[in-house]
Amino acid sequence: MNAIDPQAQIQAIIDAHSGLPGAMLPILHGLQDALGHIPETAIPLIAKALNVSRAEVHGVVSFYHHFRTEPSGRRIVEVCRAESCQAMGAAKLEAHAKAILGTDWHGTSPDGAFTLEPVYCLGQCACSPAIRIGDEVHGRVSCERFDEIIADARSEA
Amino acid sequence: MSTKIFVPIDSTALALGADKVAKAIADEAAQRGADVQIVRNGSRGMAWLEPLVEVETEHGRIAYGPVRAKDVTELFDHDFLQGKHHRLCHGLTEHIPFFAGQERLTFARVGLTDPLCLDDYAARGGWEGLNRAAALSAADIVKQVTDSGLRGRGGAAFPTGIKWNTVLGAQAAQKYIVCNADEGDSGTFSDRMLMEGDPYVLIEGMAIAGLAVGATQGYIYLRSEYPHAFKTLKAAIGKARAAGFLGRDADHSGRNFELEVRLGAGAYICGEETALLESLEGKRGVVRAKPPLPALKGLFGQPTVVNNVMTLASVPIIMAKGAAFYRDYGMGRSHGTLPFQLAGNLRHTGLVEKAFGLTLRELLYDYGGGSASGRPIRAVQVGGPLGAYVPESQFDTPLDYESFAAMGAMVGHGGIVAFDDMVDMAAQARYAMEFCAAESCGKCTPCRIGSTRGTEVIDRIIAGEERPRNVALLKSLCDTMTAGSLCAHGGMTPFPVLSALRHFPGDFGIADTDSQAA
């Protein structure tokens, strides 16, 4: 198998989006979808393509909660902390998630399988509390249900 | 003849296992040699019954829910394909009291059809509004919208026709329609349900807006927390373009309208219209000072209509049935309907579209069925994280923009989150400040610094340190944030904080009189 030059891969993603008006976010999404995070080495390439300073690119990356500059665990587990989920026991679920995954917010479980992130509303307020793993959402998540979902995700990972 | 079975593809249904249910039904039918056609529809909005499976019979659609994959064999055994009774059967879907009492205008089609089927959309009145608009002058379209009394459904309730008229009158080579689909408020999900359940109505509304103001490019700014809505919108835009409703000669109007969906990146503040525009331009989501209004200098400095999903999705029915039809719903200066969203600790959660003017008590008890926990409902947050906490004594206030504003609350986007008597209102007030700090764009000091100081002051009140002095300080701080913040983020965080303090002083460890005195 030929190793893909990582900088060439980054450049290809940038080139695919740089013609769009307001191309910054589409580029960053493209990079994160492909690589799991925005590598430091991408910053000067984005700056050059969009004719802005590296500081401006860094400013955008660091502004948005969704973008990460370090690799995450294999799956990202987002637990909703917003009001509707609070009303249905989210605080208990948060504590349980931290204990089961062995990490605090923004950290990764010791086996590298899951990164735990807070999220403020998944739009699943009619079936609170809710969590998201990748592009899958789950509603009415009790602590027991959380364990089942994590076990399923672990077997898929 | 094959039996039609509806299994929703709405993400709430998926979050509760709808895909597994659909597969179990297909497998069971194959095994039994039953001739079924499974349609993946939007949600009917009765979330407590999701996954809600419907079977089409000669009498209408019969509802079964909540169905789990392991219930499927039993449903077949009980002849659910003929609509026969079973413990999960609720009879005709449209006779379920939660649904039967609604006035569905914006949500007329949601849950009935396959969201991406263009034939279904056209067969149920789709494109009628755009067809009418295509035959009208721009000024006449704007007049219809103005006369309907439609106000911005994102929360600010600004008259839509007046905003459109400003953009129509602006002279520029390029104008834009931007749909604010950054539905970040907890307790709200109507935008998501509509985008997943009837995406063409939003596309139609945006195309009408384009014709009305002379804009040729539209953007839907969608939050990244909605991956299912993103896929649905992308597919729907592609199909609508291929069918000629978008593009160089949109719906044979002779006018051009293009549309693209863009993803946000997890910043609550980007629901504020100027921060949203900055984000679309590829910058940090930092709020702009107004004026200039986005209607005159919006996206890339050009005249721009920025409207919420619900606002734009209400336009097609206004154009199809006329301004008077829509205007006749509602009360006072709140015309039309609002899709209310029942969330949090309620037995019957989901979407209730009603004309303005019903009371919170009707929504909470007649529709919501009281608390899910069976305990008394103590406080209700209306209008998202920046909305006030409403105590039981105010549950009889009619839901219209002016009545809620008069009591220091807001209807906002119609999100309603119920809490039972286990809630600690001091903790909720603290959370409001903490959330404000986490999501502040940082441009203005009252919001950026005030929210952090606010969290600290509430901590001192909770800890019992010099309570009267700290309560006075908190009120003064809230006054500064209300009057001095650049946008509603810092300007309205005092709503939940002060309403919690005013109505539930005991939770802060203070007697009623102390909180009034300060």
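The values are calculated or read from the model by the stated rules, or taken from the named source; none is laboratory data. Note that the structure is a prediction, hence the values are computed from the model and not measured. FYI the Cβ positions are ideal-geometry reconstructions off the backbone, even for glycines, and counts take in every protein chain you see.
Worth a mention:
- Look at (1) under 21 Å from A:R81 (Cα atoms); (2) in a loop (DSSP other than H, G, I, E, B); (3) not polar (S, T, N, Q) and you find that B:F435 fails only one, number (2).
- B:A324 being away from chain A (no Cβ under 14 Å) and crowded, with 24+ Cβ neighbours inside 10 Å: no
- Which listed residue is over 30 Å from B:D366 (Cβ atoms) and either at pLDDT 95 or above or not β-branched (V, I, T) (or both), from B:L92, B:L88, B:L150, B:L118: B:L118
Yes/no per residue for (1) buried (at least 21 other Cβ atoms within 10 Å of the Cβ); (2) at pLDDT 95 or above:
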position	(1), (2)
B:L194	yes, yes
B:L202	yes, yes
B:A235	no, yes
B:R255	no, no
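- Restricting the first member to segment A:58-78 and to residues that are more than 10 Å from chain B (Cβ to nearest Cβ) and in contact (Cβ under 8 Å) with a residue 60 or more places away in the chain, and the second to residues that are small (G, A, S) and crowded, with 17+ Cβ neighbours inside 10 Å, the beta-carbon pairs closer than 6 Å and six or more apart or on different chains are A:R75/A:A153.
- Scanning segment A:1-57 for residues that are in contact with a Ser or Thr (Cβ under 9 Å, 6 or more places away or on another chain) and among the hydroxyl-bearing types (S, T, Y) gives no hits.
- Residues of segment B:402-421 satisfying the condition of being at the interface with chain A (Cβ under 9 Å from one of its Cβ atoms) and hydrophobic (A, V, I, L, M, F, W, C): B:V417, B:A418, B:F419
- Residue match in segment B:384-401 (condition: in contact (Cβ under 8 Å) with a residue 60 or more places away in the chain, assigned to a loop (DSSP other than H, G, I, E, B), in contact with a strand residue (DSSP E or B) (Cβ under 8 Å, 6 or more places away or on another chain) and away from chain A (no Cβ under 13 Å)): yes
- Options B:R223, B:R262; residue that is among the basic types (K, R), closer than 28 Å to A:H66 by Cα, facing chain A (nearest Cβ under 10 Å) and buried (at least 24 other Cβ atoms within 10 Å of the Cβ): B:R223
- The listed residue being surrounded by fewer than 23 Cβ atoms within 10 Å (Cβ to Cβ) and more than 33 Å from the chain's Cα centre (by Cα), out of B:D114, B:D27, B:D71: B:D27
- Put simply, of B:K290, B:K231, B:K297, B:K321 the only residue that is under 24 Å from B:L486 (Cβ atoms) and either modelled with pLDDT of 95 or more or touching a His at 6+ places or on another chain (Cβ under 6 Å) (or both) is B:K297.
- Qualifying residue in segment B:415-427 (condition: in a helix (DSSP H, G or I) and of a type outside the set (A, V, I, L, M, F, W, C)): no
- Residue list for segment B:351-394, restricted to those being among the aromatic types (F, W, Y) and surrounded by fewer than 21 Cβ atoms within 10 Å (Cβ to Cβ): B:Y365
- Flag for B:Y365 being away from chain A (no Cβ under 13 Å) and without any contact (Cβ under 8 Å) to a residue 40 or more places away in the chain: yes
- Residues of segment B:114-169 that are under 15 Å from B:G336 (Cα atoms), among the hydrophobic types (A, V, I, L, M, F, W, C) and part of a helix (DSSP H, G or I): B:V145 alone.
- Residue within segment B:256-266 that is more than 15 Å from the chain's Cα centre (by Cα), assigned to a helix (DSSP H, G or I), in contact (Cβ under 8 Å) with a residue 12 or more places away in the chain and farther than 22 Å from B:T493 by Cβ present: no
- All positions within segment B:442-470 that are farther than 26 Å from A:A90 by Cα and hydrophobic (A, V, I, L, M, F, W, C): B:C444, B:C447, B:I449
- Residue check, A:I149 without any contact (Cβ under 8 Å) to a residue 24 or more places away in the chain and of a type in the set (V, I, T): yes
- Just so you know, in segment B:426-448 the residues that are in contact with a Ser or Thr (Cβ under 9 Å, 6 or more places away or on another chain) and of a type in the set (A, V, I, L, M) include one that is surrounded by the fewest Cβ atoms within 10 Å (Cβ to Cβ), and it is B:A438.
- A residue that is more than 17 Å from the chain's Cα centre (by Cα), facing another protein chain (nearest Cβ under 9 Å) and touching a residue at least 24 places away in the same chain (Cβ under 8 Å) cannot be found anywhere in segment A:97-115.
- Exclusive hit being closer than 28 Å to A:G134 by Cβ, free of Cβ contacts under 8 Å to residues at least 24 places away in the same chain, touching a helix residue (DSSP H, G or I) at 6+ places or on another chain (Cβ under 9 Å) and surrounded by fewer than 18 Cβ atoms within 10 Å (Cβ to Cβ), set A:A47, A:A16: A:A16
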